[in-house]
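Below: the structure, in structure tokens.
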Amino acid sequence: MTATVTSTSAQPAPAGITFPEGFVWGAATASYQIEGAAREDGRGPSIWDTFSRTPGKVHAGHTGDIACDHYHRYAEDVAMMADLGLASYRFSIAWPRIQPDGTGPVNVRGLDFYDRLTDELLGKGIDPVVTLYHWDLPQTLEDRGGWAVRETAEAFAEYAQIVHRRLGDRIGTWTTLNEPWCSAYLGYGSGIHAPGVQDPAKAFKAAHHLNLAHGLAARALRAAGAKNISITLNPCEVSPLDPANPADVQAARLIDGVANRIFFDPMLKGAYPADVLEHIARITDLDHIKDGDEAIINAPIDLLGINFYTPSYVTAKPGAPGALDYPGSQGIAFRPPVGPVTDMGWQIEPASLTRLLNRIHRDYPGTALLITENGAAYPEGPTEGGEVHDLRRIEYIDAHLRACHDALAAGVDLRGYFAWSLMDNFEWAEGYAKRFGIVHVDYTTQQRVLKDSAKWYREVIRRNGLE
Ligand code: FCB
């Protein structure tokens, strides 16, 4: 028997899907990107204040001095989150608000702000998911060596406990670090992020000290009674350009080691992989990795946050300079993006997210996952009628949610999805030039306007799925 298929459009719409009951719908931001109030209530300077003031480092000399002025407008912003129906909000705490010098005296007014924000969220039924470090290291700690020295990891554990003492009675989920890959390799490898250092040995030392910081803080939080402990990584979904070419396969393995297994393995298996240690040893000695460190880094976690935007394809290319943010990658070339890209120039390939989630599930079984960031930069702003028609963002998120659903169907323990970002904000080296928000921000008036994607996301949340 043959079925007759009728279709009103050239491309049939994909089938509707529903997410598991209790799937967490959220949106994410980070302190330096939205708060502003950079010199208020005792906040000390961070490496991003210094970096954004260094000529040539950030697009058009933009800084986070004012950003989205969220420090003053948090109540309005939380009301907007409630209007969208968010179950959860992921934000980060600015270490220099809590300890202006990175160690020592606590600035109570800084804690007061996050206390107010937490209560505002809870009052609206929104679950706060806290990230303790989203890149705004107190400048004083950088002056003493930053993530390239061990003392910074120890200071971080102390800071984590200070925040937990104040908010631990109301905050369930504690994320230690956001994307240590960026802190280590963009901060100390390519230097395109603060503190702007280009030194491959320091980049690897930073990676280890970030791992250690996570482990020390996770242990301390657990001892203090924290229930849900996590870290957010941004794994590189890397494939060999030609899977039949052993040199390309080897190139992809090297990048996977430097970008992924250097974090995953000590955290989830308790040891650095031998090939990764050999690679680091080609660039610096291993004295910074002390006996017992890997056991600390292996502190149990309850959730692993995954930030995902775009895949990578690599090929072996003798003589290629390599990428400074993958130290020691000489002889490897990254394929330029193919097909549609976002305003960041990032390739769009939703199936690569499914591959990544399946891989983590396979290689690190028993790990509960959360998409802590996913989204796209597009420039669309308000029309004369005040609406923002950002159809491409809707398509991007829709496709990536379907990719998440495919992973769920394959058995991946995926607990939720956070859109990056709740609102347009300071996009690091790109300043305010790139807009990731589902809410538009007019930086002159600070007016927030829901983009079409925000209205669409509200419906996704309401129906717990896609049409
Ligand atoms: C991630 C960061 C986040 C934002 C997005 C676009 O790497 O965690 O702050 O900049 O990229």
Cross-chain or 6+ apart pairs with Cβ under 8 Å, segment 113-142 first and within 13 Å of PHE91 (Cα to Cα) and in contact (Cβ under 8 Å) with a residue 60 or more places away in the chain, then away from the ligand (no atom under 16 Å from the Cβ) and assigned to a strand (DSSP E or B): ASP127/VAL24; ASP127/SER88; ASP127/THR173; VAL129/SER88; VAL129/THR173; LEU132/TRP174
Of everything in segment 437-452, what is of a type in the set (Asp, Glu) and either touching a helix residue (DSSP H, G or I) at 6+ places or on another chain (Cβ under 8 Å) or not in a strand (DSSP E or B) (or both)? Give them in sequence order. ASP452
Unique match (being among the β-branched types (Val, Ile, Thr), touching a residue at least 24 places away in the same chain (Cβ under 8 Å), under 25 Å from GLU179 (Cα atoms) and touching a Leu at 6+ places or on another chain (Cβ under 8 Å)) among ILE360, ILE397: ILE360
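Of everything in segment 161-195 that's small (Gly, Ala, Ser) and surrounded by 22 or more Cβ atoms within 10 Å (Cβ to Cβ), which residue is farthest from the chain's Cα centre (by Cα)?
GLY189
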Condition first: of a type in the set (Val, Ile, Thr), at pLDDT 95 or above and not in a loop (DSSP other than H, G, I, E, B). Can you find one or more residues in segment 163-170 that meet it? yes
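Of the residues LEU277, LEU370, LEU304, only one is farther than 29 Å from ALA87 by Cα and either among the acidic types (Asp, Glu) or out of contact with any helix residue (DSSP H, G or I) (no Cβ under 6 Å at 6 or more places or on another chain) (or both); which? Working first, answer last.
Values: LEU370 fails: farther than 29 Å from ALA87 by Cα; LEU304 fails: farther than 29 Å from ALA87 by Cα.
Checking each option against the conditions leaves just LEU277.
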Looking only at segment 29-50, and only at residues there that are away from the ligand (no atom under 14 Å from the Cβ) and assigned to a helix (DSSP H, G or I), the one that is surrounded by the fewest Cβ atoms within 10 Å (Cβ to Cβ): THR50
Among the residues of segment 436-466, how many are polar (S, T, N, Q), out of contact with any Ser or Thr (no Cβ under 7 Å at 6 or more places or on another chain) and surrounded by fewer than 16 Cβ atoms within 10 Å (Cβ to Cβ)? 3
Tell me, please, whether a residue that is in contact with a Ser or Thr (Cβ under 7 Å, 6 or more places away or on another chain), in a helix (DSSP H, G or I), on the phi < 0 side of the Ramachandran plot and crowded, with 19+ Cβ neighbours inside 10 Å can be found in segment 386-395. yes
Reported set for segment 404-435 where residues are within 11 Å of the ligand (Cβ to nearest atom) and either in a helix (DSSP H, G or I) or surrounded by fewer than 17 Cβ atoms within 10 Å (Cβ to Cβ) (or both) is TRP428, ALA429, GLU430
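Scan segment 119-135 residue by residue and report those that are part of a loop (DSSP other than H, G, I, E, B) and within 16 Å of the ligand (Cβ to nearest atom). Give the derivation first.
Here is the first cut: in segment 119-135, the residues part of a loop (DSSP other than H, G, I, E, B) are 124-126, 134-135.
Those that are part of a loop (DSSP other than H, G, I, E, B) and within 16 Å of the ligand (Cβ to nearest atom): HIS134, TRP135.
Which one of ILE280, ILE296, ILE231 is under 19 Å from the mean Cα position of the chain (by Cα), closer than 30 Å to ARG144 by Cβ, surrounded by 19 or more Cβ atoms within 10 Å (Cβ to Cβ) and among the β-branched types (Val, Ile, Thr)? Can you show your working first?
Values: ILE280 fails: under 19 Å from the mean Cα position of the chain (by Cα); ILE296 fails: under 19 Å from the mean Cα position of the chain (by Cα).
After ruling out the rest, the residue left standing is ILE231.
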Are there any strands (runs of 3 or more DSSP E) wholly within segment 262-377 with 2 or more residues that are within 16 Å of the ligand (Cβ to nearest atom), and if so which? 303-307, 311-316, 369-373
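Looking for whichever is within 19 Å of SER31 (Cα to Cα), part of a helix (DSSP H, G or I) and in contact with a Gly (Cβ under 7 Å, 6 or more places away or on another chain) here; the options are ARG97, ARG116. Which one fits? Outline the logic, then answer.
Working: ARG116 fails: in contact with a Gly (Cβ under 7 Å, 6 or more places away or on another chain).
Only one candidate passes the filter, namely ARG97.
The values are calculated or read from the model by the stated rules, or taken from the named source; none is laboratory data. Because the structure is predicted, anything quoted here is derived from the model rather than measured. As a convention, Cβ positions derive from the backbone with ideal geometry for all residues, glycine included, and neighbour counts pool all protein chains shown.
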